[in-house]
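Some notes on the structure that comes next.
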Amino acid sequence: MRNGIATLKTEKSGFRTEVTLPILPVLQKTLDAGPTRDLAFICGGKGQPLAKESFGNCFREACNAAGIKKSAHGIRKMSATRAANTGATVARLKALFGWTDDMMPSLYTRSADRRKLALDAIGKLDSGNRK
């Protein structure tokens, strides 16, 4: 991490695909408040980096305790949905999430496009009734 930008290589690409992520202020505040070490942003109770499986289990336990039936992977899905709904293109989603083909980002942009088109169509129908 340098100058507010994190660079990492994704596991699914065999650590070949590089992802560049600007650290938004809310994330920086969270990182500053939490226990981090060296290259680890998320550490366990003993200050050691958590393996992804351990993180996933801890996240699910916290969600269950809060009465929310979600997983850590759901955060990634929610982030991709939010990005697509605010206009991120397939290429932008690939850059943000490290996808190497168009299949997954197209899923999110297709849903976002359908939503925008439906809202636009209803708006046009509604405005036609006003005189």
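The values are calculated or read from the model by the stated rules, or taken from the named source; none is laboratory data. Because the structure is predicted, anything quoted here is derived from the model rather than measured. So basically every Cβ, Gly included, is an ideal-geometry build from the backbone, and we count neighbours across all protein chains shown.
Have a look at ARG110, ARG76 and point out the one that is under 19 Å from PHE15 (Cα atoms) and without any contact (Cβ under 8 Å) to a residue 40 or more places away in the chain.
Of ARG110, ARG76, the one residue that is under 19 Å from PHE15 (Cα atoms) and without any contact (Cβ under 8 Å) to a residue 40 or more places away in the chain is ARG76.
Just to check your reading of the model, which residue among THR81, THR100, THR109 is within 18 Å of THR20 (Cα to Cα), among the hydroxyl-bearing types (Ser, Thr, Tyr) and either in a loop (DSSP other than H, G, I, E, B) or not assigned by TED's automatic domain parsing to the domain that holds ALA6 (or both)?
On the way: THR81 fails: within 18 Å of THR20 (Cα to Cα); THR109 fails: within 18 Å of THR20 (Cα to Cα).
Exactly one residue qualifies, and that residue is THR100.
Could we say that ALA95 is under 25 Å from LYS116 (Cβ atoms) and in a loop (DSSP other than H, G, I, E, B) here?
On the way: under 25 Å from LYS116 (Cβ atoms): yes; in a loop (DSSP other than H, G, I, E, B): no.
No, not satisfied.
Hey, can you tell me all the residues within segment 78-102 that are exposed (fewer than 14 other Cβ atoms within 10 Å of the Cβ) and closer than 22 Å to THR7 by Cα?
In the first step, residues of segment 78-102 are kept if they are exposed (fewer than 14 other Cβ atoms within 10 Å of the Cβ); the result is 78, 82, 86-87, 89, 91, 100-102.
Within segment 78-102, MET78, ARG82, THR89, ALA91, THR100, ASP101, ASP102 qualify.
Sort out which residues of segment 1-17 are modelled with pLDDT of 85 or more, surrounded by 11 or more Cβ atoms within 10 Å (Cβ to Cβ) and farther than 16 Å from LEU39 by Cα, and write them in order of number.
THR17
Criterion first (among the aliphatic types (A, V, I, L, M), modelled with pLDDT of 90 or more, over 19 Å from CYS43 (Cα atoms) and in contact with a Leu (Cβ under 8 Å, 6 or more places away or on another chain)) does ALA91 satisfy it? Give the steps one after another, and end with the answer.
Working: among the aliphatic types (A, V, I, L, M): yes; modelled with pLDDT of 90 or more: yes; over 19 Å from CYS43 (Cα atoms): yes; in contact with a Leu (Cβ under 8 Å, 6 or more places away or on another chain): no.
No.
Give the residues of segment 1-18 that are of a type outside the set (Gly, Ala, Ser), farther than 15 Å from LEU31 by Cβ and not in a strand (DSSP E or B), sorted by residue number.
Residues satisfying the conditions are THR10, GLU11, LYS12, PHE15, ARG16, THR17.
So which residues in segment 108-131 are aliphatic (A, V, I, L, M) and surrounded by fewer than 16 Cβ atoms within 10 Å (Cβ to Cβ)? So that I can check it myself, show each step before the final result.
Residues of segment 108-131 aliphatic (A, V, I, L, M): 112, 117-119, 121-122, 125.
Result: LEU117, ALA118, LEU119, ALA121, ILE122, LEU125.
Within segment 31-60, restricting attention to residues that are assigned to a helix (DSSP H, G or I) and loosely packed, with under 13 Cβ neighbours inside 10 Å, which residue is modelled with the highest pLDDT? Give the derivation first.
The initial filter retains those residues of segment 31-60 that are assigned to a helix (DSSP H, G or I), namely 31-33, 52-60.
This time we only want the ones that are loosely packed, with under 13 Cβ neighbours inside 10 Å, so: 32-33, 52-53.
Working: ASP32: 83, ALA33: 82, LYS52: 85, GLU53: 89.
By that ranking, first place goes to GLU53.
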